[in-house]
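The values are calculated or read from the model by the stated rules, or taken from the named source; none is laboratory data. No experiment lies behind these values; they were computed from the predicted model shown. Note that we place each Cβ from the backbone using ideal geometry, even for glycine, and neighbour counts take in every protein chain shown. With ligands, DNA and RNA removed, areas are computed over all heavy atoms of the protein, side chains included. Shrake-Rupley method; radii C 1.70, N 1.55, O 1.52, S 1.80 Å.
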Amino acid sequence: MSAFDYDLFVIGGGSGGVRAGRIAAEHGAKVALAEEYRMGGTCVIRGCVPKKLMVYASEYPDQVRDAAAYGWEATLGAFDWGRFHGKLEAELDRLEAAYRRNLDRAGVEVFDTRATLADPHSVKLADGSTKTAKHILIATGGWPFVPDFPGSDLVITSNEIFKLDALPKSILIVGGGYIACEFSCILNGLGVDVTQFYRGPQILRGFDDEARDHIADAMRARGVTLHTDTVLRKLERGPDGIKATSGDGSIAQYDAVMYATGRHPNTAGLGLEEIGVTLRENGAIAVDEYSQTNIPSVFAVGDVTDRVNLTPVAIREGHAFADTVFGGTPRKAEHDLIPSAVFTQPEMGTVGLTEEAARAQGPIEVYVAAFRPMQPMFAGHAEKVLMKLVVCADTRRVLGVHLVGDHAGEMIQMVGIAVRMGATKEDFDRTVAVHPTMAEELVTMKTPVRTA
């Protein structure tokens with residue numbers, strides 16, 4: 001008989017925690033999982049999934065307008081947020097139920113309550129009961145960060161944006177990361193008057209500079225009022241909305257203000273410091289390459305560790321943890337050459353090194369194609385697609401690929417396979433183009449636009 005109630009207790013029912021718990025149970029472990037809100041975590045309930053559905057909704061105005069150029073009689077009516085939101089909530093309910101069914105089929109016992117650590121082998125539930133486990137996994141994700149400033153209580157975050165009773169007529173979005181930029185584009189597409197403040201010189205810091213510039217220009221062209229090198233000083237509630245004062249003293253009024261200035265690891269109040277788990281300066285749980293903390297029985301995966309904060313990475317980390325601890329197969333989640341997408345309008349797909357990072361490592365060649373793609377050009381749009389390859393001049397290996405345009409996320413998934421396999425520029429060149437497509441430009445760029 002085991003000295004513990006469970007072989008594994010998972011705190012957090014997001015994608016990483018659910019995958020870890022399910023796989024551990026399939027390996028024969030007795031598993032419990034506690035989630036204090038809704039099963040599915042940030043991605044399913046208040047992140048990737050509802051956001052992408054809002055992206056789809058926001059794209060229809062352009063599609064309807066373009067239809068006329070292709071001979072269709074189409075009119076664009078008003079967007080019905082209530083109708084859309086009802087279907088959105090129903091879809092999230094369906095997905096949450098699917099997560100629960102998968103856990104149930106695997107034999108994982110679920111506690112719909114908050115759980116904290118009492119000691120290295122004990123978890124305390126909100127009802128006061130204590131459960132013991134040989135291993136404990138923390139998978140509580142991240143949480144939006146809002147700084148303390150005058151009027152900060154008036155803002156909403158990416159958590160609340162999905163819960164609005166009605167869309168605002170105007171909104172100020174503060175931040176320059178992918179969440180801020182995505183929601184600027186989404187709400188602009190849904191007919192909201194969008195202003196965005198970012199304190200830095202250009203949005204999407206950390207991504208390729210050329211791609212960042214391309215997206216910023218396109219966002220402005222589509223109607224987003226984007227202000228860089230701009231800070232928000234204070235907010236005040238007025239009779240007709242929220243009055244915002246920026247750093248230069250200018251004042252404007254908005255129906256809503258959304259803060260998207262980053263997310264912090266969701267570790268507060270979990271009892272981690274009390275039992276001696278090492279946290280980094282930003283509150284992230286420090287783990288080794290097998291997701292183990294300095295306390296041998298305690299592990300952590302996903303955004304709470306602040307390694308690579310992407311849902312598919314959390315899933316990989318959770319699966320690798322379960323295989324390592326319960327499957328007899330030590331396995332690490334790889335954190336390099338990860339394809340990712342930013343669902344701005346236009347969309348960005350990226351994998352590997354930016355031009356700036358690659359240049360710092362040695363001599364490179366840069367191949368760029370910027371062109372008007374066939375479908376929107378026929379409808380009269382001036383917006384261009386950007387496709388970029390960053391190549392090592394010595395090994396000829398493709399170090400990075402950056403795409404900006406429709407379906408860039410779909411394309412980068414396939415390109416990511418080639419980059420991970422170590423494809424060279426000549427491998428791309430030997431690949432026959434699929435014509436007529438946007439993606440064919442990836443294999444037809446023959447001359448570098450610059451070397452460094």
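Points to keep in mind about this one:
- Residue satisfying all of: in region 1-17; outside any strand (DSSP E or B) and open to solvent by less than 10 Å² (accessible area, probe 1.4 Å); farthest from VAL304 (Cα to Cα) among these: GLY13
- Extreme residue, farthest from ARG83 (Cα to Cα), among residues of region 48-64 that are among the β-branched types (Val, Ile, Thr) and surrounded by 17 or more Cβ atoms within 10 Å (Cβ to Cβ): VAL49
- GLU182 meets the conditions (1) on the phi > 0 side of the Ramachandran plot; (2) surrounded by 16 or more Cβ atoms within 10 Å (Cβ to Cβ) in every case but one. The failed one is (1).
- Residue that is nearest to LEU272 (Cα to Cα) [pool: residues in region 18-40 that are open to solvent by 10 Å² or more (accessible area, probe 1.4 Å), assigned to a helix (DSSP H, G or I) and not hydrophobic (A, V, I, L, M, F, W, C)]: ARG19
- Every pair of residues 6+ apart whose Cβ atoms lie under 8 Å, when the first sits in region 259-282 and is closer than 18 Å to VAL123 by Cβ while the second is crowded, with 22+ Cβ neighbours inside 10 Å and acidic (Asp, Glu): ASN266/ASP303
Conditions tested, residue by residue: (1) within 27 Å of SER58 (Cβ to Cβ); (2) of a type outside the set (Phe, Trp, Tyr); (3) in contact with a helix residue (DSSP H, G or I) (Cβ under 7 Å, 6 or more places away or on another chain); (4) touching a residue at least 24 places away in the same chain (Cβ under 8 Å).
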{"residue": "VAL398", "(1), (2), (3), (4)": "no, yes, yes, yes"}
{"residue": "GLY409", "(1), (2), (3), (4)": "yes, yes, no, yes"}
{"residue": "GLY416", "(1), (2), (3), (4)": "yes, yes, no, yes"}
{"residue": "GLY422", "(1), (2), (3), (4)": "no, yes, no, yes"}
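- Top-ranked residue in region 265-288 [being of a type in the set (A, V, I, L, M) and outside any loop (DSSP other than H, G, I, E, B); ranked as surrounded by the fewest Cβ atoms within 10 Å (Cβ to Cβ)]: LEU279
- Test for GLY189: is it in contact with a helix residue (DSSP H, G or I) (Cβ under 9 Å, 6 or more places away or on another chain), over 21 Å from LYS234 (Cα atoms) and not hydrophobic (A, V, I, L, M, F, W, C): yes
- Some residue of region 22-39 being over 30 Å from HIS121 (Cα atoms) and either charged (D, E, K, R) or out of contact with any Asp or Glu (no Cβ under 7 Å at 6 or more places or on another chain) (or both): no
Per-residue answers, yes or no, for (1) out of contact with any Asp or Glu (no Cβ under 8 Å at 6 or more places or on another chain); (2) over 28 Å from PRO312 (Cβ atoms); (3) surrounded by 15 or more Cβ atoms within 10 Å (Cβ to Cβ):
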position	(1), (2), (3)
GLN345	no, no, yes
GLY380	yes, yes, no
GLU383	yes, yes, yes
VAL391	no, no, yes
GLY405	no, no, yes
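- Selected residue (criterion: nearest to LEU190 (Cα to Cα)) from residues of region 217-254 that are open to solvent by 90 Å² or more (accessible area, probe 1.4 Å) and modelled with pLDDT under 95: ASP240
- Whichever residue in region 420-451 is polar (S, T, N, Q) and not in a loop (DSSP other than H, G, I, E, B) and, among such residues, is least open to solvent (accessible area, probe 1.4 Å): THR424
- First in region 231-246 and in contact (Cβ under 8 Å) with a residue 60 or more places away in the chain and among the small types (Gly, Ala, Ser), second anywhere and surrounded by fewer than 13 Cβ atoms within 10 Å (Cβ to Cβ) and assigned to a strand (DSSP E or B), Cβ under 9 Å, 6 or more apart: ALA244/ILE251
- Selection status of GLY206, modelled with pLDDT of 95 or more and either farther than 30 Å from VAL301 by Cβ or crowded, with 17+ Cβ neighbours inside 10 Å (or both): no
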